[in-house]
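Everything on this sheet refers to the single structure shown next.
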Amino acid sequence: MSQYKKLVFLHHPLLQMPRPILCTIDSSAIRHNIQVIKNLNPAAHCMAVVKANAYGHHINHVFQGLGAADSLALLEIENARQLRDLGWSKPITLLEGCFEQADIEQAMLLGCDWVIHSLGQLSQLELNSTLLRQTGHKPLIYLKVNTGMNRLGLALGQVESAVARLNHLVEKYDLPAPVLMTHFANADVSLEDKPPITPQEQYDFLHSVLPQGWRVSLANSAGALNWPSLAGQVIRPGISIYGATPGPKTAREYGLLPAMALTSEVISIQHLNPGDFVGYGSRYQANSVQTIAVVACGYADGYPRHAPDGTPVWIAGKICPLAGKVSMDMLTVDVTSHGAVQIGDSVELWGSYLPVDVVAEASGTIGYELLCAVAPRVPFESKDLCGDEV
Ligand SMILES: *Cc1c(COP(=O)(O)O)cnc(C)c1O
């Protein structure tokens with residue numbers, strides 16, 4: 001911990017001193033995490049999920065680490081275009097399919113594959129058979145089945161006729177054999193906790209309607225990490241490639257490395273007497289002589305406003321408890337037991353020293369939400385431990 005390097009910010013006499021907050025993205029961690037997941041699922045095609053601008057990491061900052069994936073998946077067609085512009089030539093899958101006519105045309109132009117999760121989307125594809133004939137692109141279709149999640153997907157009873165219609169297009173336009181897909185509801189829950197629907201049950205439902213010659217895709221990160229034998233031929237890890245996990249084990253226990261570090265600095269120190277309060281609503285009250293470090297990160301940077309007193313914050317080598325309500329631009333931390341905290345000391349809100357999942361759990365949410373919510377005003381920087389700064 002002691003060799004943690006102090007962040008170096010860009011200083012120039014003509015530039016204003018920037019606010020000391022930074023989000024550093026390590027694409028070599030992404031590369032490592034994809035390999036960890038592939039090692040657990042050696043026979044599967046690994047489709048890494050980069051929706052929501054790579055779970056808040058920014059596609060351009062993670063791009064260098066994505067090469068180990070066999071394909072990428074997202075929802076937003078403009079980010080599919082960004083991936084092609086960055087030079088991604090392997091498959092891209094649109095996870096919620098095409099929303100409107102323009103999307104089918106764009107998806108064909110960008111050489112995307114896509115999910116069909118409703119009969120309406122299947123009809124939409126049939127109406128576009130001229131496009132299939134005219135363009136050289138032959139999309140791989142993922143037909144999504146509802147096996148108990150009850151969000152997207154065809155009912156089991158709808159699958160047989162939909163498969164017949166899709167197989168007709170596949171033969172007529174020489175498309176690749178489709179993939180039958182579903183989504184696990186409880187792959188992160190231990191069986192001892194008796195989930196209402198188990199991965200095995202969803203696997204069995206899917207296989208009860210599996211057409212000959214089709215592959216299957218079931219696993220998100222939790223499925224790929226905890227149930228490789230049920231994951232299917234195409235796995236779809238998202239959160240795990242960023243080094244966080246839905247559980248039940250910790251990211252470190254799975255061998256995953258965090259790709260994001262949200263860091264800041266101590267900008268003020270307050271010395272409290274017993275009975276003194278801190279921050280809005282005077283939520284925190286000192287019961288002894290205490291030292292409070294004020295950190296330049298607030299909810300307008302994406303830190304969870306609902307974080308309670310005691311939420312861990314890493315300050316210059318030590319984990320200290322949040323003390324007082326998080327405000328828009330600052331948060332306050334009890335560093336009484338730390339000893340020697342000074343203005344300018346490094347702070348990690350989450351990252352290598354403090355897993356995002358730990359901060360999320362303390363503040364009543366999940367790592368996904370914190371990673372996706374880093375605010376636009378926070379500057380991002382890429383770092384690749386292989387040496388090259390991007
Ligand atoms: C987001 C998403 C995933 C990835 O889920 P994680 O829990 O982040 O691994 C997989 N499949 C589909 C269809 C998704 O929408």
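Coordinate-derived values only; no laboratory data. Model, not experiment: these values are computed from the prediction. FYI the Cβ positions are ideal-geometry reconstructions off the backbone, even for glycines, and counts take in every protein chain you see.
State the Cα centre-to-centre distance between the stretch 140-202 and the stretch 343-382 in whole Å.
About 34 Å separates the Cα centre of the stretch 140-202 from the one of the stretch 343-382.
Could you give the length gained by full extension between Gln134 and Arg165, i.e. 0.36 nm per residue of separation minus their alpha carbon distance, to one decimal place?
Numbers: separation 31, 0.36 × 31 = 11.16 nm, distance 2.00 nm.
Full extension from Gln134 to Arg165 adds 9.2 nm.
Please work out the Cα center distance from the stretch 21-39 to the stretch 67-110, rounded to the nearest Å.
21 Å
Quick one: length gained pulling Phe277 to Val358 fully straight, 0.36 nm per residue minus the C-alpha distance? If you can, show how the numbers build up before the last one.
Numbers: separation 81, 0.36 × 81 = 29.16 nm, distance 2.63 nm.
The Phe277-Val358 span can extend by a further 26.5 nm.
Could you check the simple spin-label distance between Lys172 and Leu109, using points 7 Å along Cα→Cβ, in nm with one decimal?
A separation of 2.5 nm, rounded to one decimal place.
Computed FRET efficiency, Cβ-Cβ of Ala300 and Ala155, R0 51 Å: what is it to the nearest 0.05? List each step's numbers first, then the result.
Details: r = 44 Å, r/R0 = 0.86.
Plugging the Cβ-Cβ distance into 1/(1 + (r/R0)^6) gives 0.70.
Compute the relative contact order of the chain as a whole-number percentage, counting only Cα pairs closer than 8 Å that sit 6 or more residues apart in sequence.
On the way: 830 pairs, mean separation 71.8, N = 390.
Dividing the mean separation by the residue count of the chain yields 18 percent.
Hey, can you rank 20-28, 205-213, 285-293, 311-319 by average C-beta count inside 10 Å, highest first? Mind showing how you got there, number by number?
Details: 20-28: 22.0, 205-213: 14.2, 285-293: 17.0, 311-319: 20.4.
Ranked by mean Cβ neighbours within 10 Å, highest first: 20-28, 311-319, 285-293, 205-213.
Could you list which residues have their amide H under 5 Å from that of Val145, counting only those 5 or more apart in sequence or on another chain, with H placed in the peptide plane?
Close amide H contacts, sequence-distant or interchain: Leu154, Met181, Thr182.
With +1 on each Lys and Arg Cβ and -1 on each Asp and Glu Cβ, how big is the dipole of the stretch 102-183 about its Cα centre, in debye rounded to the nearest 20? Don't skip to the answer; put the middle values down first.
Details: 6 positive and 7 negative charges, 20 e Å.
Roughly 100 debye for the stretch 102-183.
Of the residues Leu40, Leu257, Leu72, which exhibits the maximal mean-square fluctuation in a Gaussian network model of the chain defined by a 10 Å Cα contact cut-off?
The residue that fluctuates most here is Leu40.
Using 23 Å as the Cα-Cα cut-off, could you pick out the over-long pairs in Lys90/Lys249; Lys194/Lys249; Lys38/Lys249; Lys90/Lys138?
Going by Cα-Cα distance, Lys90/Lys249 fall outside the 23 Å limit.
I'd like the Karplus ³J(HN,Hα) series for the stretch 166-181: coefficients 6.51, -1.76, 1.60, θ = phi - 60°, whole numbers in Hz, and an x wherever there's a Gly or Pro.
5, 4, 4, 5, 4, 5, 5, 10, 6, 7, x, 4, x, 10, 8, 10
Can you compute 3J(HN,Hα) from phi for each residue in the stretch 84-90, using the Karplus curve 6.51 cos²θ - 1.76 cosθ + 1.60 with θ = phi - 60°, rounded to whole Hz and x for Gly and Pro?
Result, rounded to whole Hz: 5, 5, 6, x, 6, 10, 7.
Among bridges DSSP assigns within the chain, what percent are antiparallel (round to 5)?
On the way: 28 of 52 bridges.
About 55 percent, rounded to the nearest 5.
Are there chymotrypsin sites (Phe, Trp or Tyr not before Pro) in the stretch 92-157 that DSSP marks as loop and that have at most 14 other Cβ atoms within 10 Å, and which are they?
Numbers: sites: Phe99, Trp114, Tyr142; in loops: Phe99.
Counting only loop positions with at most 14 other Cβ atoms within 10 Å, the chymotrypsin sites (Phe, Trp or Tyr not before Pro) in the stretch 92-157 are Phe99.
Can you list the lysines whose alpha carbon is less than 18 Å from that of Lys383, not counting same-chain residues fewer than 8 positions off?
Lys5, Lys6
As I understand it, the dipole of the chain uses +1 on the Cβ of Lys and Arg and -1 on the Cβ of Asp and Glu, about the Cα centre. Which of Pro139, Val159, Tyr280 lies farthest toward its positive end?
So the residue furthest toward the plus end is Pro139.
Need the full-extension length gain, Leu210 to Arg377, defined as separation in residues times 0.36 nm minus the C-alpha distance. One decimal, nm.
Numbers: separation 167, 0.36 × 167 = 60.12 nm, distance 4.73 nm.
Computed gain between Leu210 and Arg377 is 55.4 nm.
Applying the Karplus parametrisation 6.51 cos²θ - 1.76 cosθ + 1.60 with θ = phi - 60° to the phi angles of the stretch 154-161, what ³J(HN,Hα) value in whole Hz is obtained for each residue in order, glycine and proline being reported as x?
Rounded to whole hertz, the list is 6, 5, 3, x, 8, 5, 4, 6.
Suppose every Lys and Arg Cβ carries +1 and every Asp and Glu Cβ carries -1, with no other charges. What dipole size does the stretch 143-245 come out with about its Cα centre, to the nearest 20 debye?
Numbers: 7 positive and 8 negative charges, 60 e Å.
Here the stretch 143-245 has a charge dipole of around 280 debye.
Projected onto the charge dipole of the chain (+1 at Lys/Arg Cβ, -1 at Asp/Glu Cβ, origin at the Cα centre), which of Leu175, Asn41, Ser71 gives the Cα projection farthest towards the positive end?
Farthest towards the positive pole: Leu175.
How big is the charge dipole of the chain about its Cα centre, in debye rounded to the nearest 20, if each Lys and Arg gets +1 on its Cβ and each Asp and Glu gets -1 on its Cβ?
Details: 26 positive and 35 negative charges, 55 e Å.
With only Lys, Arg, Asp and Glu charged at Cβ, the dipole is about 260 debye.
Could you name the aspartates and glutamates in cross-link range of Lys172, using Cα to Cα under 16 Å and dropping any fewer than eight places away on the same chain?
By straight Cα distance, Lys172 reaches Glu126.
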